[in-house]
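Here is the structure we will look at, set down as C-alpha cells.
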Amino acid sequence: MTEMKKICLLTNDVETTSILNGGLRNETGIKVWKEGLPRLLDLYSEFNVKSTFFFIADFAQEFPEIVKMVLPYGHEVACHGLTHDYKFSFDIMDYESQFLHLQKSKIILEDISGQEVVSFRAPALRVNQFTPKALIDTGFKFDSSVAPQRLDIFLTLGSKNKLQWLGAPRNPYFVNEKNLARKGSSILKEVPVSSFGIPYIGTTMRVSPFLNNITRNLLYFETKNSNKVVNFLIHPNELIEEEKLDEKLERRSGNILKYLLADVLRSKLKVRNLGVPALELYRMELLFWKKKNYEFKRINEI
Ligand SMILES: [Zn+2]
C-alpha cells in the first residue's frame, strides 16, 4: 500500500515593498533581484523545493530577469497583480478594472516566462465580490488570497472584506462566483494561505518565532491525517538588508486609532529578523516539513 504524500506549499510574493522604510521602492526591487531572490532560490534547490512565485507584473516588466531566474528550477510563475500600489487594491476596484489589471499582468508574465500563468494572489490579500468572476474571465484557475480563520485581520488594510475569512474552508476548494472565501461550483480553485488564528507567514516567523512554532505544530497535527495542505507565505524582500532612511512614516489610514494600530505598531514589529536571520529561520521551517516527509509542490499541481 502506498502512503499518500502530504503536501507543503512554500509560496512567494515578489514585490518592491520596503519593509524597513515603507512604500514601494525601486531600490528595494533591485535588492530583491540581486540578493533576496538568489538566497531563496539557493535554499529551495538545497531542499529540492518546487514552488510558486507570485510576481507584481509592472515590477517584472521593468526587471524581466527576476522572472527568468526562477524558470530553470521548475518553479511556477504566478500573478500578484499589476501593481502593489494600495490605490489599486482589488477590493476597491470594480469588475472592469480588475479584469483589465488581470489581463494585462497575465500577458506581461506569460510573455516573459513562456509559461501559462494560472495562479493569482491579490496584493495584501485584498479582494471583493467581483474578483472571482474577473479571475475566471481572464483564464485563471487558482487563487491564493484567502487565509481561513486568520484573526489578525484588524491589523491589516481592507479588514472589512477579510471578515469573510472567518468562515472560509480550510482545505482547497472550488469557489463561489461572488465570494472567494466560500465554496461554490465555479472552475476556480482556492488554495488558502495557512493560518491557525495566527497566520503561517514570513512575518510571524520573523516577528515571533515562538508563536510561529505553535502555529506550525498545530498545522502539522491538522494536516498529517487529512487532505489539507500547508501553504506558507513568504516574500524575498524579507531576506534582504536595507538601510534605514530617515523619513516620516507614511500615514495610510484615515482615523488615528487605525493609524496607531495598523501603521505604527506594524512598522515597528515588522522589521524584526530581516535579511540573513530570516533566511536561517526559514531554513528551520523547511527542515521541519522535510523531516515530516512532506512534499514541496507548486500551486498548479494541487
Ligand atoms: Zn504582496
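The values are calculated or read from the model by the stated rules, or taken from the named source; none is laboratory data. Since this is a predicted model, take the numbers as computed values, not measurements. All Cβ positions, even for glycine, are placed from backbone atoms using ideal geometry, and neighbour counts span all protein chains on display. Side chains are part of the model used for accessible areas, which takes the heavy atoms of the whole protein and leaves out ligands, DNA and RNA. Shrake-Rupley method; radii C 1.70, N 1.55, O 1.52, S 1.80 Å.
Yes or no: segment 117-124 includes at least one residue that is open to solvent by less than 30 Å² (accessible area, probe 1.4 Å), within 14 Å of the ligand (Cβ to nearest atom), without any contact (Cβ under 8 Å) to a residue 60 or more places away in the chain and among the aromatic types (F, W, Y).
The answer is no, given that none of the residues of segment 117-124 is open to solvent by less than 30 Å² (accessible area, probe 1.4 Å), within 14 Å of the ligand (Cβ to nearest atom), without any contact (Cβ under 8 Å) to a residue 60 or more places away in the chain and among the aromatic types (F, W, Y).
Of everything in segment 14-32, what is surrounded by fewer than 20 Cβ atoms within 10 Å (Cβ to Cβ) and assigned to a helix (DSSP H, G or I)? Give them in sequence order.
Correct list: N26, E27, I30.
Looking only at segment 53-69, decide whether some residue is open to solvent by 50 Å² or more (accessible area, probe 1.4 Å) and not in a helix (DSSP H, G or I).
No: zero hits.
Counting just the residues of segment 75-101 that are free of Cβ contacts under 8 Å to residues at least 60 places away in the same chain and either part of a loop (DSSP other than H, G, I, E, B) or polar (S, T, N, Q) (or both), which one comes out surrounded by the most Cβ atoms within 10 Å (Cβ to Cβ)?
Taking the candidates together, the pick is G81.
Criterion first (in contact with an Asp or Glu (Cβ under 9 Å, 6 or more places away or on another chain) and modelled with pLDDT of 95 or more) does R206 satisfy it?
Taking the combined requirement at face value, the residue satisfies it.
For segment 230-243, enumerate the residues that are open to solvent by 20 Å² or more (accessible area, probe 1.4 Å) and either closer than 27 Å to P172 by Cα or in a helix (DSSP H, G or I) (or both).
H235
Out of the residues in segment 62-111 that are more than 16 Å from the ligand (Cβ to nearest atom) and among the basic types (K, R), state the one that is farthest from R126 (Cα to Cα).
So the residue we want is K68.
Report, by residue number, each residue of segment 209-223 that is farther than 20 Å from V271 by Cα and either surrounded by fewer than 16 Cβ atoms within 10 Å (Cβ to Cβ) or not hydroxyl-bearing (S, T, Y) (or both).
Within segment 209-223, I214, R216, N217, L218, L219, F221, E222 meet the criteria.
For residues that are open to solvent by 10 Å² or more (accessible area, probe 1.4 Å) and not in a helix (DSSP H, G or I), tally how many sit in segment 125-141.
8
Checking S144 against (1) open to solvent by 20 Å² or more (accessible area, probe 1.4 Å); (2) within 13 Å of the ligand (Cβ to nearest atom): exactly one of these is not met. Which one?
That leaves (1) as the condition not met.
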